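Visitor: There's a structure below that I have some questions on.
The values are calculated or read from the model by the stated rules, or taken from the named source; none is laboratory data. Owing to the predicted nature of the structure, the values given are computational and were not obtained by experimental measurement. With ideal geometry, Cβ positions are generated from the backbone for all residues, glycine too; neighbour counts draw on all protein chains shown. Please note that ligands, DNA and RNA were not included when accessible areas were found on the heavy atoms of the full protein model with its side chains. Shrake-Rupley method; radii C 1.70, N 1.55, O 1.52, S 1.80 Å.
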Amino acid sequence: MPNPIIVAKDIVKEFQLPGGWLSRKKHSIRAVDQVSFDVSRGEVFGLVGESGCGKSTLGLMLLRLLDITSGSLFFNSIDLTRLTSAELRQLRRQMQIVFQNPNSSLSPRLKVLDIVAEPLRTHHIAPEKQMREQVLLLLDQVGLGKQHLDRFPHEMSGGQYQRVAIARALALNPSLIVLDEPTSALDVSVQAQIINLLVDLQQKLNLTFIFISHDLNVVQHISDRIGVMYLGKLVEIGKSEEVFMQPLHPYTKALLASIPQPKIGKDKELKTLKGQIPSVANPPSGCRFHTRCPSVISKCKLSEPELIAVSIDRFVACHLVVE
Amino acid sequence: MRDPILRIEDLHIEFRTSRGVIHALQGVTFDVMPGEIFGVVGETGCGKTITGLSVLRLLPRSARITQGNIRFEGVDLLKISQREMRSIRGGKISIIFQDPSTSMNPLFTIGFQMNKVIREHLKFSREKARERALTMLAATGLPDVERIYDSYPHQLSGGMLQRAMIALALSCEHSLLIADEPTTALDVTIQSQILQLMRELQQKLGVAMILITHNLGVVANMCDRLVVLYAGRVVEIGESRSIFENPQHPYTRGLMSAIPAPGSRGNRLSAIPGNVPIDPGALKGCVFAPRCAFVMPRCLKESPVMFHLSKDHASTCFLAERGDLF
Ligand SMILES: Nc1ncnc2c1ncn2[C@@H]1O[C@H](COP(=O)(O)OP(=O)(O)OP(=O)(O)O)[C@@H](O)[C@H]1O
Ligand SMILES: Nc1ncnc2c1ncn2[C@@H]1O[C@H](COP(=O)(O)OP(=O)(O)OP(=O)(O)O)[C@@H](O)[C@H]1O
Ligand code: SF4
Ligand SMILES: [Mg+2]
Ligand SMILES: [Mg+2]
C-alpha cells in the first residue's frame, strides 16, 4: 500500500459488562474482534454494517478515543498504543471526528463562533484578536458566512449545524477525519448538499476520511474502498465499485440486495435474510454469519474463516469464496 | 370504479404555538382504495404523521383542523362522536408507529396486551384470543412465539418488537392500516424482512395500507400509488410507476436525483439548495419556489393548483401544466 496513514493489525476492543449479582464471573463482549486493515493517505475508506456491528467502536479506536484491548495500530508509522497521553494530545490535532448528531456532540449553549473557535483556543493556534476572522475562513469553507457567526445551534437547521461541526473538525488542519454517520440524521435533499461538500473538501485538502454509515448508497458514492463489518469482524474489503458490482461475501450480497432502491423494478420482491441478528455477547460458533447465511456449508459451523486476499486489493472471510 | 375506503379532502391543520400559528397542512387531498398500499412520502416536517393522526383523530391538543373533511367508508370522521370514533379506532383502522415503545406498554407482557385488544374487538374468549395472538405472531416469522407471548417489551430486540406490533395491528382484521415509518429504526436486512412480511400479510388479509415514509426506495418497492408532500401540501400524486418513471414536479425530481445510486461515484449529487420553510403558511405562491431550480416570476405570486397529467397522475406545478417538464 502506498503511503499508509493507518495500519491496524488484529485490533480488538473488549467491553466488560457488569455480571448479574449472583454470578461472580465477569462477562465481556468483543465489540471489535481482530480487525486488520490499512488506509492510505488521501483515501476515503467506508465502513458499513448493521447496527451494533462495531463501526463506531472501531472509529473511536482509530483516534485512540477508546483504548485498544489488543493488537497494534499505527498512525503515520507512530504506534498509537504506546504513546503517553501528552504525546497523544499533540497527535490528536491531526485527527478529528464528526458525529451523526451535532446536537449531542457540540454544546447547545455556545454560539457558532465559539464552537468553531474552541479547538483554536485550546491549542493556541490563533490570537483572540484574529479569532472572528479565522472562524470566518473556516465557515466559508463549509458554505456558511458572517450571518451565522453569532447564531445559537437551535437557530440553525440540521444541515447548517452539521456544516458547523465540519468547520470545527477542519480548524486544526487535520489529515484524518472519522465521519460517523454524518448525514444519517438529515433529509435526502440536505444530505446531498453535505455529501457534495465533504467530497469537495476531501479533494481540496487531500484529507483521509473514514466514512461510517449504514446507508450503502451513500457509502459507495463517497468511498474509494469499503470494509464490510459483521458482528465485530471485517468480512470483506475491496474497491468500492467492485464490492458493489460484485460482492463476494454472502453477507455483503444480502446487504446489497436488501437496500430498497428508489426505482420501480421488474420484480418487486426484496431479497431477504432469515433469522435475527445474533448478539455480539454470544456470537455464533465458526463463521459468525452462519446462522443467517443462505449458502452455509457444514464447515461454516465449525471453523471460523479468516480474512484472506482473493486478489491484490480484495479480502474476504468466507469458506466458500476461498475454496 | 370502486369507492375509495378513505377520502381526505382539502385538509388544513394549524398548530398554535408560543411563536404563533404554524400552518402545518394546507389543503391535502387524496383517496385510498380498498386493498391497496398507498404511500405518503416527504421529508421531515412535511406533515406525514399529522395526516395519519388526523384520520384517527389523535392529533396533539395544540393542533386544530381548520378546513376539510375525512371520509372513511362513507362516514365523515370529523363529525362522529368520540364513542363512535373509539370503536372505529379499535375495530376498523389501526396504526403502527415508528417507535414500538410508544404503542406497547412496558409494564405488561406482549401476550397480555395482544390478548386484551383481541378480546375487546373480536369478542373472543381469553383462550381463543391467545390462540389468535400466537398465530399472528408466528405469521410475522417470529420464532419461539410462546416465549415471545410471555415476554415483556424490553426483553425483545427492536426488530422483534416491531414484528409483535405488526402482529397486534393485523390481528383484529381491520380494513385500514396506517403504518408510520414502520421500518425506519431498523437495519436494512431486518427492514426488508419486515416489509416483505407486511406486504404478504396485507395481501392475504386484503387490508388497505397507508405507508408513511421518507424513504423513496421503500415506497418504490411497496406502494401501488403514492402522494408526495412538501411543506404541508401535495406536490405530486398518482400511480407509483408513473411517478417514478416520469416525475412531474421539480421537488419529486430533486428528491430522486439527490439519492446516491450505485455507480454514482465521482459525480456530484444534485442537491436541492436551501431548507424546508418553518412556517409554509407565510409563503406566497408555490411553497417550493424558494428552492426550485425552475422558478419563474409567476411561481412567487400565484399558488399552482393540481394539474392532472393523466387519469392517475397529477402535479402541482405550472411547468407540468405547460408540459415543459419532460
Ligand atoms: N461503552 C460500551 N460498553 C459496553 N458495550 C458497548 C459500549 N460501546 C459499545 N458497546 C457495544 O459494542 C457493540 C458495537 O457497538 P457500536 O456502537 O460500535 O456499533 P455500531 O456499528 O456503531 O452501531 P450503530 O450503527 O447502531 O451506530 C454493541 O453491541 C454495543 O452494545
Ligand atoms: N406538537 C406540535 N406542535 C407544533 N407544531 C407541530 C407539532 N407537531 C407537528 N407540528 C408541525 O407540523 C408539521 C408536520 O409535522 P409532522 O410530524 O406531520 O411531520 P412528518 O412529515 O411526520 O415529519 P417526520 O418525517 O420528521 O416524522 C411540522 O413541521 C411542525 O411544524
Ligand atoms: S463462511 Fe459459510 S456461513 Fe459464513 S458467509 Fe461464507 S458460506 Fe456463509
Ligand atoms: Mg455507531
Ligand atoms: Mg413523522
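Visitor: One residue is enough: does region B:188-200 have a residue meeting the conditions open to solvent by 10 Å² or more (accessible area, probe 1.4 Å), more than 9 Å from chain A (Cβ to nearest Cβ) and not β-branched (V, I, T)?
Guide: yes
Visitor: OK, next. For region A:242-264: of the residues being in contact with a strand residue (DSSP E or B) (Cβ under 6 Å, 6 or more places away or on another chain) and within 11 Å of chain B (Cβ to nearest Cβ), which is nearest to B:L255 (Cα to Cα)?
Guide: In this case the residue turns out to be A:V243.
Visitor: Can I ask one more? Just name the residue that is nearest to the other protein chains (Cβ to nearest Cβ) out of those in region A:194-217 that are more than 24 Å from B:D187 (Cβ to Cβ) and touching a residue at least 40 places away in the same chain (Cβ under 8 Å). Please lay out each step first, then the result.
Guide: Of region A:194-217, the ones more than 24 Å from B:D187 (Cβ to Cβ) are A:196-197, A:199-208.
Then drop every residue that is not touching a residue at least 40 places away in the same chain (Cβ under 8 Å), which leaves A:197, A:201-202, A:206-208.
Values: A:L197: 9, A:L201: 13, A:Q202: 13, A:N206: 17, A:L207: 17, A:T208: 17 Å.
If we take residues in region A:194-217 being more than 24 Å from B:D187 (Cβ to Cβ) and touching a residue at least 40 places away in the same chain (Cβ under 8 Å), then A:L197 is nearest to the other protein chains (Cβ to nearest Cβ).
Visitor: Going by what's in this entry, would B:G285 be described as at pLDDT 90 or above, over 23 Å from A:K263 (Cα atoms) and among the small types (G, A, S)?
Guide: yes
Each row is one residue, and each column tells you yes or no for (1) within 27 Å of the chain's Cα centre (by Cα); (2) over 29 Å from A:F75 (Cα atoms); (3) open to solvent by less than 40 Å² (accessible area, probe 1.4 Å); (4) not β-branched (V, I, T).
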position: A:P127; (1), (2), (3), (4): no, yes, no, yes
position: A:Q141; (1), (2), (3), (4): yes, no, no, yes
position: A:Q147; (1), (2), (3), (4): no, yes, no, yes
position: A:P153; (1), (2), (3), (4): yes, yes, yes, yes
position: A:Y161; (1), (2), (3), (4): yes, yes, yes, yes
position: A:L170; (1), (2), (3), (4): yes, no, yes, yes
position: A:L179; (1), (2), (3), (4): yes, no, yes, yes
position: A:L186; (1), (2), (3), (4): yes, yes, yes, yes
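Visitor: If only one of A:I297, A:I308, A:I277, A:I312 is aliphatic (A, V, I, L, M), in contact with a Lys or Arg (Cβ under 9 Å, 6 or more places away or on another chain) and open to solvent by 40 Å² or more (accessible area, probe 1.4 Å), which one is it?
Guide: Of A:I297, A:I308, A:I277, A:I312, the one residue that is aliphatic (A, V, I, L, M), in contact with a Lys or Arg (Cβ under 9 Å, 6 or more places away or on another chain) and open to solvent by 40 Å² or more (accessible area, probe 1.4 Å) is A:I277.
Visitor: Here is a list: A:V44, A:V48. Which entry is within 14 Å of chain B (Cβ to nearest Cβ), farther than 12 Å from A:M229 by Cα and crowded, with 16+ Cβ neighbours inside 10 Å?
Guide: Answer to the check: A:V44.
Visitor: Does B:L107 qualify as being within 16 Å of ligand 1 (Cβ to nearest atom), open to solvent by 30 Å² or more (accessible area, probe 1.4 Å) and in a loop (DSSP other than H, G, I, E, B)? Even if it seems obvious, please write down each step before you answer.
Guide: Values: within 16 Å of ligand 1 (Cβ to nearest atom): no; open to solvent by 30 Å² or more (accessible area, probe 1.4 Å): yes; in a loop (DSSP other than H, G, I, E, B): yes.
It is false that B:L107 is within 16 Å of ligand 1 (Cβ to nearest atom), open to solvent by 30 Å² or more (accessible area, probe 1.4 Å) and in a loop (DSSP other than H, G, I, E, B).
Visitor: For region B:262-303, what are the residues that are open to solvent by less than 40 Å² (accessible area, probe 1.4 Å), within 26 Å of the chain's Cα centre (by Cα) and closer than 19 Å to A:Q191 by Cβ?
Guide: Hits for region B:262-303 are B:A271, B:I272, B:G274, B:P277, B:F288, B:R291, B:C292.
Visitor: Now a separate question. Taking the condition open to solvent by 20 Å² or more (accessible area, probe 1.4 Å) and assigned to a helix (DSSP H, G or I), does A:Q203 pass?
Guide: yes
Visitor: Quickly run through region B:304-322 and pick out the residues that are touching a residue at least 12 places away in the same chain (Cβ under 8 Å) and either surrounded by fewer than 17 Cβ atoms within 10 Å (Cβ to Cβ) or more than 19 Å from B:L229 (Cα to Cα) (or both).
Guide: Across region B:304-322, the qualifying residues are B:S310, B:D312.
Visitor: Can you tell me which residue is farthest from ligand 5 (Cβ to nearest atom) among those in region B:25-48 that are farther than 19 Å from B:I88 by Cα and not in a strand (DSSP E or B)?
Guide: B:E36
Visitor: Here's another thing I want to ask about it. Which residues, taken from region A:188-200, are under 14 Å from B:G274 (Cβ atoms) and either open to solvent by 40 Å² or more (accessible area, probe 1.4 Å) or touching a Pro at 6+ places or on another chain (Cβ under 6 Å) (or both)?
Guide: none
Visitor: If we scan region B:82-96, do we find a residue that is open to solvent by 10 Å² or more (accessible area, probe 1.4 Å), without any contact (Cβ under 8 Å) to a residue 60 or more places away in the chain and in a strand (DSSP E or B)?
Guide: no
Visitor: Of the residues B:G232, B:G281, B:G238, B:G285, which single one is within 14 Å of chain A (Cβ to nearest Cβ) and not polar (S, T, N, Q)?
Guide: When all the criteria are applied, what remains is B:G238.
Visitor: Let me ask you something else. For region B:241-257, what are the residues that are facing another protein chain (nearest Cβ under 8 Å), small (G, A, S) and touching a residue at least 40 places away in the same chain (Cβ under 8 Å)? Talk me through it step by step, then tell me what you get.
Guide: Here is the first cut: in region B:241-257, the ones facing another protein chain (nearest Cβ under 8 Å) are B:241, B:244-245, B:254-256.
Still in the running and small (G, A, S): B:254.
Those that are facing another protein chain (nearest Cβ under 8 Å), small (G, A, S) and touching a residue at least 40 places away in the same chain (Cβ under 8 Å): none in region B:241-257.
Visitor: Could I ask something else about it? Find all pairs meeting these conditions: Cβ atoms under 7 angstrom apart; at least six residues apart or on different chains; first residue within region A:35-64 and closer than 11 Å to A:I210 by Cβ and in a loop (DSSP other than H, G, I, E, B); second residue open to solvent by less than 10 Å² (accessible area, probe 1.4 Å) and among the hydroxyl-bearing types (S, T, Y).
Guide: Short answer, once both residue conditions are applied: A:E43/A:T208.
Visitor: Give me a count of the residues in region B:201-216 that are within 11 Å of chain A (Cβ to nearest Cβ) and surrounded by 19 or more Cβ atoms within 10 Å (Cβ to Cβ).
Guide: So the count comes out to 3.
Visitor: Can I ask one more? I need the full set of residues from region A:104-117 which are away from ligand 1 (no atom under 16 Å from the Cβ) and either assigned to a helix (DSSP H, G or I) or buried (at least 16 other Cβ atoms within 10 Å of the Cβ) (or both), in order please. Give the derivation first.
Guide: As a first pass, look at region A:104-117 and keep what is away from ligand 1 (no atom under 16 Å from the Cβ): A:106-117.
Scanning region A:104-117 gives A:L106, A:K111, A:V112, A:L113, A:D114, A:I115, A:V116, A:A117.
Visitor: Let me ask you something else. Scanning region B:6-51 for residues that are within 13 Å of B:F72 (Cα to Cα) and within 15 Å of the chain's Cα centre (by Cα), which turns out farthest from ligand 3 (Cβ to nearest atom)? Walk me through how you get there before you give the answer.
Guide: Narrowing region B:6-51 to residues within 13 Å of B:F72 (Cα to Cα): B:6-9, B:30-34.
Narrowing further to those that are within 15 Å of the chain's Cα centre (by Cα): B:6-8, B:30-33.
Values: B:L6: 45, B:R7: 50, B:I8: 47, B:F30: 45, B:D31: 46, B:V32: 42, B:M33: 43 Å.
Once the filter is applied, the top-ranked residue is B:R7.
Visitor: While we're looking at this one, here's another question. Counting only residues that are in contact with a Phe, Trp or Tyr (Cβ under 8 Å, 6 or more places away or on another chain) and within 14 Å of chain A (Cβ to nearest Cβ), which one in region B:1-56 is nearest to ligand 4 (Cβ to nearest atom)?
Guide: Of everything passing the filter in region B:1-56, B:E43 is nearest to ligand 4 (Cβ to nearest atom).
Visitor: Oh, and also: Report the residue count in region B:116-158 for those that are of a type in the set (K, R) and open to solvent by 70 Å² or more (accessible area, probe 1.4 Å).
Guide: Matching residues across region B:116-158 total 5.
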